[in-house]
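Below: one structure, written as structure tokens.
The values are calculated or read from the model by the stated rules, or taken from the named source; none is laboratory data. All values derive from a computational prediction rather than experimental measurement. Note that we place each Cβ from the backbone using ideal geometry, even for glycine, and neighbour counts take in every protein chain shown. To get the accessible areas, we keep the full protein, side chains included, count just its heavy atoms, and leave off ligands, DNA and RNA. Shrake-Rupley method; radii C 1.70, N 1.55, O 1.52, S 1.80 Å.
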Amino acid sequence: MKVGVLALQGDVREHIYALQTCGTEPITVRRVDELNSIDALVIPGGESTTMALLAETFGLFKPIQKRIESRLPVYGSCAGMILLANRVLDATEDQRTFGGLDITVRRNAFGRQVDSFESDLEFQGLRASMRAVFIRAPWVEEVGPEVEVLAAVNFHGTDHPVAVRQGNLLATSFHPELTQDYRIHRYFLEEVCRVGSRIG
Ligand code: GLN
């Protein structure tokens with residue numbers, strides 16, 4: 001299986017390293033022919049507005065949407081989650097996303113005072129807890145009926161989903177690529193990609 005990391009902006013290198021540690025030989029994706037050669041895609045953390053604009057500039061925006069529609073397994077972390085969401089709150093004017101995930105995300109949801117923090121989470125897909133790093137992270141405000149919530153964070157007394165899955169699409173508000181714990185990458189490769197390629 002050939003895995004690509006969208007390499008327009010953001011923490012590409014960290015995802016490449018995480019995927020290598022999981023035993024794959026990932027490639028960077030900046031061109032349509034690279035996109036067409038992969039069986040799974042990771043969209044890194046960074047800045048969702050910039051990544052969307054660069055995807056447009058590089059002629060990748062529509063081709064990525066098409067591949068998502070044809071059930072390419074995709075994992076998005078943080079800005080990657082925003083880019084996979086069908087609906088975005090606190091978006092910039094004209095902000096576009098690839099979409100595919102039937103969720104509403106709120107950008108920079110945790111506010112300025114705690115714009116970066118770490119938290120221990122129970123991750124349902126792994127039935128285990130993990131340390132999660134949040135950096136100006138979104139949270140998920142609404143999920144459609146086909147979306148499974150895999151982890152949530154309690155903020156001021158309310159639980160907010162921060163990891164979700166819908167079939168071939170996986171997204172986390174946090175950054176497992178910035179820790180030494182690559183269980184989410186493994187979960188993507190072993191569980192999500194398997195289902196994605198079986199259906200697709
Ligand atoms: N706040 C960023 C955005 O809106 C996401 C931050 C991140 O990826 N660490 O795209």
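Scanning region 12-38 for residues that are within 16 Å of the ligand (Cβ to nearest atom), open to solvent by 50 Å² or more (accessible area, probe 1.4 Å) and in contact (Cβ under 8 Å) with a residue 24 or more places away in the chain turns up just one, Glu14. Within region 68-127, being on the phi > 0 side of the Ramachandran plot and open to solvent by less than 20 Å² (accessible area, probe 1.4 Å) holds for Cys78, Gly99.
Determine which member of the set Gln95, Gln65 is modelled with pLDDT of 95 or more and either part of a loop (DSSP other than H, G, I, E, B) or touching a helix residue (DSSP H, G or I) at 6+ places or on another chain (Cβ under 9 Å) (or both). Checking each option against the conditions leaves just Gln95. Considering Asp102, Asp94, the condition of being touching a residue at least 60 places away in the same chain (Cβ under 8 Å) and acidic (Asp, Glu) is satisfied by Asp102 alone. Among the conditions (1) open to solvent by less than 70 Å² (accessible area, probe 1.4 Å); (2) in a strand (DSSP E or B), Tyr187 misses just one, which is (2).
Per the listing Gly111, Gly167, Gly144, the residue uniquely at pLDDT below 95, over 23 Å from Arg13 (Cα atoms) and out of contact with any Gly (no Cβ under 6 Å at 6 or more places or on another chain) is Gly111. Scanning region 168-180 for residues that are under 17 Å from Ile135 (Cα atoms) and either more than 16 Å from the ligand (Cβ to nearest atom) or more than 14 Å from the chain's Cα centre (by Cα) (or both) yields Thr179, Gln180. Residues considered: Thr50, Thr104. Of these, the only one that is part of a strand (DSSP E or B) and within 16 Å of the ligand (Cβ to nearest atom) is Thr104.
Checked against the criterion of being more than 11 Å from the ligand (Cβ to nearest atom), under 18 Å from Gln166 (Cβ atoms) and either under 9 Å from the mean Cα position of the chain (by Cα) or among the small types (Gly, Ala, Ser) (or both), region 55-73 contains one or more residues that satisfy it.
Looking at this structure, is Leu41 within 13 Å of the ligand (Cβ to nearest atom) and in contact (Cβ under 8 Å) with a residue 24 or more places away in the chain? It is false that Leu41 is within 13 Å of the ligand (Cβ to nearest atom) and in contact (Cβ under 8 Å) with a residue 24 or more places away in the chain. Residues of region 149-164 include none that is aliphatic (A, V, I, L, M), open to solvent by 10 Å² or more (accessible area, probe 1.4 Å) and within 16 Å of the ligand (Cβ to nearest atom).
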